[in-house]
Structure formats: C-alpha cells, structure tokens
Amino acid sequence: MASEHFENYLKSIYAIETDRGKVSTTILSERLRISAASATEMIKKLAEEGLIMHEPYKGVHLTETGKKQALQIVRRHRLWELFLVKVLQYEWDEIHDEAERLEHIASDKLLNRIDEILGYPNRDPHGDPIPSADGKLKRAKLRSLSSVRGGESVKVTRVSDSNAEILQYLQKLGVRLGKKLAVRERMEFDGSFRVEIDGKKQFISAKLAQHIYVE
C-alpha cells in the first residue's frame, strides 16, 4: 500500500473514533470522499496488517499498534502546522493543506528537530493537543462556547479547523487562542451571543459558537 494513502486512512479512522466513537464504512468513505467499496477494501487490508479490528455491524476501531501509528501521523501534522505559523508566518487558516502534504515526507529526525526549535509545544495553532514522541496525548476537557451562559467570562482554548472560512472570520472578530471573551448576553430563542473582545462588542451566531472551545 502506498504510504501516504495508508497514513490518510489511519489518521481519518483515529479522528472519527475520537469524535464519534464508532467508525462505520459509510462515515469513513464520506470523510475521505471515496466510494464505500474502496473504503471496505482498505479496511480489509488494515485489518490484515493488525492495525484495526473490524466487527460486522459494530464498525471499525484501531488496535494499540494502529493507534500508535495514527498518533505519529497526527504529531507530524500538528507540528508542521505550528512550524508554518511560528516560523514561516502563515495564518492559521492557510496551514491545514500544507501540513497534509508535509506530514508524509518528514523523517523522525526532522520532526524531533522541529519539536526542539518550537520549544516542545503541547498544542497546535488551533489548540489541538500534539502527541509526544512516545505516542502520549494529553486531552483537556473543554466545552464549546454554545454551552456558556450570559454573564460568564471565558478564555478561548481551541477552535475547530474544519473550515478555513470560519477561521478567517474568527480572526476578523479577534477570536484567538488565549483570548478572553466576556459573554454579555445569550439569546435563548436562537442560541446566539453578544460578547466583548478587547473592549469591542461582537455578535457570534449559535453555529459559530459550536466551533469555539473555552475554559
């Protein structure tokens, strides 16, 4: 199996398993934008390699070996994203596709050097945790802004990187990692918010609030 193709499957299965718990052939094929038949064929190959377990009607989950490999891919991707922002001055909405390509060509030696130069970070530019070199991952319990009540003050700790346009809009609003938001009002009829950021009043829709995680 081609290495890049192989790694994309592992990373996608890990992401779906983390977000939803269950990985079905349908969900995997939709995420990778491939046919269900192609996804089924790759699932068989991954199972033969001992990287996943596939139980009919129960879905797919990574084995310990599969999870370890998936976390190494995630580590490469997130370190590259941070390198692009911190060293090459990319914006946070520009880095995903670049990191997708770079994650497949980096050696362990190069990644360890990047890790060292960046000061051994534990978060990428969007607030997602970066796995350590030995495959350990620390997850913080976060809540989305959509669960916050009016009158609370919170700090942004993560934003979803699933949509570049959302990241661009958040930047215009002044929403960045570490930024403090004073929630002045929550509209109960539609779940939207009026917040204050750096002394400026902003409106955040219910949909947008679901992409912002705070503590």
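Some observations on this one:
- Subset of the range 137-152 [surrounded by 12 or more Cβ atoms within 10 Å (Cβ to Cβ), modelled with pLDDT of 90 or more and assigned to a loop (DSSP other than H, G, I, E, B)]: V148, G150, E152
- The set of residues in the range 155-181 that are of a type outside the set (V, I, T) and in a loop (DSSP other than H, G, I, E, B) comprises S160, D161, S162, N163, G174, R176, L177, G178, K179.
- When A37 is tested against the conditions (1) in a helix (DSSP H, G or I); (2) touching a helix residue (DSSP H, G or I) at 6+ places or on another chain (Cβ under 7 Å), the lone failure is (2).
- Screening the range 1-34 for residues that are among the acidic types (D, E) and out of contact with any helix residue (DSSP H, G or I) (no Cβ under 6 Å at 6 or more places or on another chain) and picking the one that is surrounded by the fewest Cβ atoms within 10 Å (Cβ to Cβ) gives D19.
- Every condition in (1) over 19 Å from Q171 (Cα atoms); (2) out of contact with any His (no Cβ under 9 Å at 6 or more places or on another chain) is met by E100 except one, and the failing one is (2).
- Test for Y90: is it at pLDDT 95 or above and not assigned by TED's automatic domain parsing to the domain that holds V175: yes
For every residue, the table says whether it meets (1) touching a helix residue (DSSP H, G or I) at 6+ places or on another chain (Cβ under 6 Å); (2) under 30 Å from D97 (Cα atoms).
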{"position": "I117", "(1), (2)": "no, yes"}
{"position": "L145", "(1), (2)": "yes, yes"}
{"position": "R149", "(1), (2)": "no, no"}
{"position": "D198", "(1), (2)": "no, no"}
{"position": "I204", "(1), (2)": "no, yes"}
{"position": "H211", "(1), (2)": "yes, yes"}
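- Residues that are buried (at least 18 other Cβ atoms within 10 Å of the Cβ) and part of a helix (DSSP H, G or I) within the range 115-136 comprise just one, D115.
- Restricted to the range 5-33, and to residues there that are part of a helix (DSSP H, G or I) and among the charged types (D, E, K, R), the residue that is farthest from A99 (Cα to Cα) is R20.
- Residue within the range 26-49 that is touching a strand residue (DSSP E or B) at 6+ places or on another chain (Cβ under 6 Å), of a type outside the set (V, I, T), at pLDDT below 95 and farther than 18 Å from K136 by Cα present: yes
- If you go through the range 40-73 and keep only what is part of a helix (DSSP H, G or I), β-branched (V, I, T), touching a helix residue (DSSP H, G or I) at 6+ places or on another chain (Cβ under 8 Å) and within 27 Å of D134 (Cβ to Cβ), you end up with just I73.
The values are calculated or read from the model by the stated rules, or taken from the named source; none is laboratory data. Just so you know, these numbers come straight off a predicted model, no measurement behind them. A quick note on method: Cβ atoms are made from the backbone with ideal geometry, for glycine too, and the neighbour counts reach across all protein chains shown.
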